[in-house]
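*Asks:* Please find one structure pasted underneath; my questions will follow.
No lab work stands behind these numbers, since they all come straight from the coordinates. Since the structure is predicted, the reported quantities are computational estimates derived from the model, not experimental observations. Cβ placement follows ideal geometry from the backbone for every residue including glycine, while neighbour counts extend to all protein chains displayed.
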Amino acid sequence: MCGIVGYIGGGQALPVLLDGMTKLEYRGYDSAGVAVVADGSLQVERRAGQMHNLLEALETRPMPGGLGIGHTRWATHGPPTDGNAHPHVDCSGRIAVVHNGIIENHDVLRARLEGEGHEFRSDTDTEVVAHLIESILREGEVDLRTAMLRTVNLLEGAFALVCISVDQPGSIVVARQEPPIIVGAAEGIGLVGSDIPALLDHTRDIVPLDNHQIAEVSPGSVRVWDFEGNEVEFETVHVEWDLAAAERGGYEDFMLKEIFEQPEAVRNTMRGRLDPAGCIVLDEVHWDKETLAAITKVVIVACGTSFHAGMAAKHAIEHWTRIPVELDLASEFRYRDPVLDATSLVIGIAQSGETADTLAALRFAKEMGAHVAAVTNVVGSSITRDADAVLFTHAGPEISVASTKTFLAQLTALNLFALYLAQERGAMTQAKMAETIEAMRALPEQIEDVLMLQDDVHRAAKRYAHVTDALFIGRGVGMAVAMEGALKLKEISYIHAEGYAAGELKHGAIALIEDGTPVIGILTGHRLYDKMLANVQEVRARGAQTVLVAPRGDERARSLANELFEVPLTKPLLTPILDTIPMQLFAYYVAKERGLSPDRPRNLAKSVTVE
Ligand code: F6R
């Protein structure tokens, strides 16, 4: 989720780049950098941290020139340092590249290029692209576009790439495989951006590149080719959005945008980690098989939504690995004198990587001699310093205070981790592993399918927006979804909501139900399905209005529901990744109906850095 800007034209590139990058800072803010071609040389300035660090550095370093690229980084490979900031250059310092995405085979390519004498200066996956282009250009007789074409055919993974060269100052070359990138041209200028806000001041006519396309942008002109090298027709789209709407991708709120980014977030979390041969590859986990075989218990610590991801992960880890799992709120764990030793594996989950209680819990676990792993969305965050292994979720920046896409990404990462543990400990048959991996691969499309419920959920939310209380019930992993659904509703709509184990209802909470009380039931398709149906019947008998999430096509659920959200079938342990989505949309639309701002709920902060 990095921000990219490119400019070519008769004016000065730098102010256009910096203005565009500032407008894209919401996409990533670990570091920022620019490269400008002027008078036969390439000038590069890069700084870790937010844009103001780069702006300060440029105060004393003017960079005149009419061709340039800029980048704000959301780190994926390598910590957010000056050296890892984009643009990256080749050995000769004449080619500069910026990138959004993940190049999965970067290590193989890097080894090959180093063997050929290329010198690398960063830890990033991106730098291989600059050296690949350099080495193809060195062979002679090709232009920058052809070098890019040959390069992209060597890359695996996801990339939006933008490249400039001192030796071809008449154009910018762009390539896309998955992450979006747009180009445009107006009189005398050519533009590139990872998102519309970067271009809006200069043109409202944009060309969104399709997957597997390369573009050459020159002043006043755009040309597009496919990855086979055939020139193709393209469509220009006229954008009417104002800047604020453009930042939200045309969605009314960041929360809704982020809910709709979930197919991509989950795809990115899995990227490069599901080997076609049917195994899980986690490059970040360096414990050997003996260490993993010696683990006698897993302890998961987290807060809030991350805790709910841990609730679901407990089921997955225990079922797939047969290692017992304890689950604790970080704020409780750190003060309860837990029993840990060198055979314990403690997993801390924090999307921000900065939650004070979770950090303290992991530090404590380390002092006790436990192995410590972290699951986070933020490269370079504090949690990465305290953990022996860090699993990044790669969901991209989340702006809305309420977590949505980072939750689905956490669930995905934790499932991968659980499967990895099972694989390394020999706890799962190859057939079951292959079947589960196949089910995981299907998730992004299934998420897209669930998102089609948007209008149904909106209609339902209108009917319940006036209520004062709501109960969310589930069993097994469905309980984690119920807890998360209740938290989403309380935090953005301010309706009192409780997530409850459905089997616990009759031990007290059922007394809350009166005529019209909404009860949201998660009827995950697993062996507890019949028991959930019985619980739904119990609450209906006491006057509850039932809103049910159930596997598609189940007539029994239909007959018991006032509102029914049907989701596609998946493996029981993967159901939270689908079942949570209607809950997020429900909370979002209830908040909207109540006239509240979902992105900025009262009293809450995105990152809780104090106890
Ligand atoms: C709810 C939410 C919070 C966070 C909690 C922990 O939508 O976002 O409950 O989940 O503050 O944050 P992290 O994951 O950063 O530790």
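*Asks:* Counting other C-beta atoms within 10 Å, and keeping those with at most 14, which DSSP coil trypsin sites (Lys or Arg not before Pro) do you find in the range 50-123?
*Replies:* Counting only loop positions with at most 14 other Cβ atoms within 10 Å, the trypsin sites (Lys or Arg not before Pro) in the range 50-123 are Arg121.
*Asks:* For Thr570, which sequence-distant residues (separation of 5 or more, or a different chain) have an amide H within less than 5 Å of its own amide H, given hydrogens modelled in the peptide plane?
*Replies:* Correct list: empty.
*Asks:* Relative contact order (percent) for the range 449-593, with alpha-carbon contacts under 8 angstrom and 6 or more residues of separation?
*Replies:* 32 percent
*Asks:* If amide H atoms are built 1.01 Å from N in the plane of the peptide, which residues on other chains or at least 5 residues away come under 5 Å of the amide H of Val232?
*Replies:* Those qualifying (amide H under 5 Å, at least 5 residues apart or on another chain) are Val224, Trp225, Asp226.
*Asks:* Between Met452 and Ala434, what is 0.36 nm times their sequence separation minus the Cα-Cα distance? Round to one decimal in nm.
*Replies:* Once the chain is fully extended between Met452 and Ala434, it gains 3.6 nm.
*Asks:* Using amide H atoms built in the peptide plane, which far-off residues or other-chain residues are under 5 Å from Val375 H to H?
*Replies:* For Val375, whose amide H was placed from the backbone, the distant partners under 5 Å are Gly348, Ile349, Ala350, Leu391.
*Asks:* Between Leu154 and Leu55, what is the spin-label point distance in nm, taking each point 7 Å from the Cα along the Cα→C-beta axis?
*Replies:* Output for this residue pair reads 3.9 nm.
*Asks:* Report the extension gain between Glu332 and Glu284 in nm, rounded to one decimal, defined as 0.36 nm multiplied by the number of residues separating them, less their alpha carbon distance.
*Replies:* Length gained between Glu332 and Glu284: 14.5 nm.
*Asks:* Continuing with the same structure: So how tilted is helix 106-115 from the main axis of the chain? Cα-based, degrees 0 to 90, rounded to 10.
*Replies:* For 106-115 against the chain, the angle is about 30 degrees.
*Asks:* Kindly write out, for the range 529-541 in residue order, the coupling ³J(HN,Hα) from the Karplus curve 6.51 cos²θ - 1.76 cosθ + 1.60 (θ = phi - 60°), rounded to whole Hz, with x marking Gly and Pro.
*Replies:* Computed from phi, the couplings for the range 529-541 are 4, 5, 5, 5, 4, 5, 5, 5, 4, 4, 6, 5, 4 Hz.
*Asks:* Here's another thing I want to ask about it. With just the Cα atoms of the range 259-370, tell me how far they stretch along each of the three principal axes, in Å, largest first.
*Replies:* 42, 37, 23
*Asks:* Find how many whole Å separate the alpha carbon centroid of the range 262-337 from the alpha carbon centroid of the range 452-523.
*Replies:* The range 452-523 and the range 262-337 have Cα centres spaced 27 Å from each other.
*Asks:* Between Arg385 and Ala442, what is the FRET efficiency for a Förster distance of 45 Å, r being their Cβ-Cβ separation, to the nearest 0.05?
*Replies:* 0.80
*Asks:* For a paramagnetic label modelled at 7 Å from the Cα of Thr146 toward its Cβ, which residues of the range 171-189 fall within the zone defined by backbone nitrogen distances under 18 Å?
*Replies:* Backbone N within reach: 171-174.
*Asks:* I'd like the FRET efficiency for His507 and Glu240, computed as 1/(1 + (r/R0)^6) with the beta carbon distance as r and R0 of 51 Å, rounded to 0.05.
*Replies:* Approximately 0.35, to the nearest 0.05.
*Asks:* Further question on the same structure: Excluding Gly474 itself, calculate the net charge of residues whose Cβ lies under 10 Å from the Cβ of Gly474, where each Lys or Arg counts +1 and each Asp or Glu counts -1.
*Replies:* It works out to a net charge of -1.
*Asks:* Roughly how many Å is it from the Cα centre of the range 361-385 to that of the range 152-201, as a whole number?
*Replies:* What the calculation gives is 37 Å, centre to centre.
*Asks:* Listed here are the pairs Lys23/Lys405; Lys366/Lys571; Lys366/Lys490; Lys314/Lys405; Lys257/Lys366; which of them are more than 28 Å apart at the Cα?
*Replies:* Lys366/Lys571; Lys366/Lys490; Lys257/Lys366
*Asks:* With Cβ to Cβ distances under 13 Å as the rule, what net charge do the other residues near Lys571 carry (K, R +1; D, E -1)?
*Replies:* Once all neighbours under 13 Å are counted, the net charge is 0.
*Asks:* Can you tell me the length gained on complete extension of the stretch Tyr251 to Glu116, counting 0.36 nm per residue apart and subtracting the Cα distance?
*Replies:* 43.8 nm
*Asks:* Among DSSP beta bridges whose residues both lie in the chain, state the antiparallel percentage, nearest 5.
*Replies:* 60 percent
*Asks:* While we're looking at this one, here's another question. Restricting attention to the range 492-526, which GluC sites (Glu not before Pro) occupy a DSSP loop and are surrounded by at most 12 other Cβ atoms within 10 Å?
*Replies:* Passing sites in the range 492-526 are Glu514.
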